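Data first, discussion second: the structure below is written as structure tokens.
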Amino acid sequence: MRRVAILISGGGSNMVALVKSMTGDHPARAVLVLSNDPGAAGLAKARDLGVATAAVDHRPFGADRAGFEAALLVPLLAAAPDILCLAGFMRMLTPDFVDRFRGRMLNIHPSLLPKYPGLHTHARALAAGDAEAGCTVHEVTAELDAGPILGQARVPVLPGDSEATLAARVLAQEHRLYPAVLRRVAAGDRRPVFL
Ligand code: GRF
């Protein structure tokens with residue numbers, strides 16, 4: 001049984017979808033939900049789902065990313081995860097941290113990478129007049145939002161879409177894509193999933 005740690009910063013809707021997917025004959029189980037914000041709403045949702053939680057507030061560390069990560073590793077390594085899922089985790093990770101989990105740390109990004117790495121992806125797709133948008137699950141590497149693609153889901157951009165309506169349409173696909181990719185990766189299959 002593969003052990004999965006999920007890192008969040010906010011509401012954790014992707015975390016909820018992932019945790020709920022790991023049942024029955026699924027080859028993985030969630031062993032920890034970890035946040036950089038002790039007030040993250042997702043922590044209560046994880047507890048309601050019966051998953052162990054931990055939080056390391058990044059603010060006291062200021063610009064000391066290595067110090068924050070050293071503190072983050074304490075509960076993380078105690079959970080002995082095989083796979084890490086970043087799910088709405090909004091902190092940049094150092095190359096050292098990424099290297100420690102190379103090949104077994106996933107992230108979901110709300111664009112069709114390689115388009116729109118970084119923030120404000122929906123606003124950028126709308127500004128560009130794109131006919132399609134979507135989300136991508138990729139392996140995390142030292143370069144932001146740039147690792148090997150493990151899955152993508154596409155949605156139409158509709159006339160009159162706002163950032164909010166597009167974000168909601170993409171988020172619904174994130175909740176389908178991420179569990180599908182995790183199940184395949186946990187089973188040792190790296191073929192990308194396209195929804
Ligand atoms: C989502 O748009 C996701 O793509 C991004 O963070 C946002 C919030 O995710 N990574 P969640 O509801 O906290 O899972």
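Any read-out appearing in this document is the output of simple, stated calculations on the displayed coordinates, not a laboratory observation. Quick caveat: nothing in here was measured; it's all calculated off a predicted structure. All Cβ positions, even for glycine, are placed from backbone atoms using ideal geometry, and neighbour counts span all protein chains on display.
With a Förster radius of 41 Å applied to the beta-carbon distance between residue 100 and residue 131, the computed FRET efficiency rounds to 0.55.
Residues 178, 116 in ascending order of nearby Cβ atoms (within 10 Å, fewest first): 116, 178.
Ordering 4, 140, 31 from the fewest to the most neighbouring beta carbons within 10 Å gives 31, 140, 4.
If you run the Gaussian network model on the chain, springs between alpha carbon atoms under 10 Å, then out of 24, 151, 88 the most flexible one is 24.
Under the membrane-span-like helix rule (DSSP H runs whose alpha carbons stretch at least 18 Å along the helix axis, mean Kyte-Doolittle hydropathy 0.0 or higher), the chain yields 65-78, 163-186. Result for the chain in a Gaussian network model with C-alpha springs under 10 Å: among 87, 28, 70, the largest mean-square fluctuation is at 70. Helical content alone sets the calculated 222 nm signal of the chain at -11000 deg cm²/dmol, taking -39,500 (n - 2.57) per DSSP H segment of four or more residues and averaging over every residue. Considering only 61, 89, 101, the mean-square fluctuation computed in a Gaussian network model of the chain, springs between alpha carbons under 10 angstrom, is largest for 61. A simple spin-label model places the labels of residue 74 and residue 91 1.3 nm from each other, with each point 7 Å out along Cα-to-Cβ. Charge tally around residue 59: other residues with Cβ under 13 Å, Lys/Arg +1 each, Asp/Glu -1 each, net -1.
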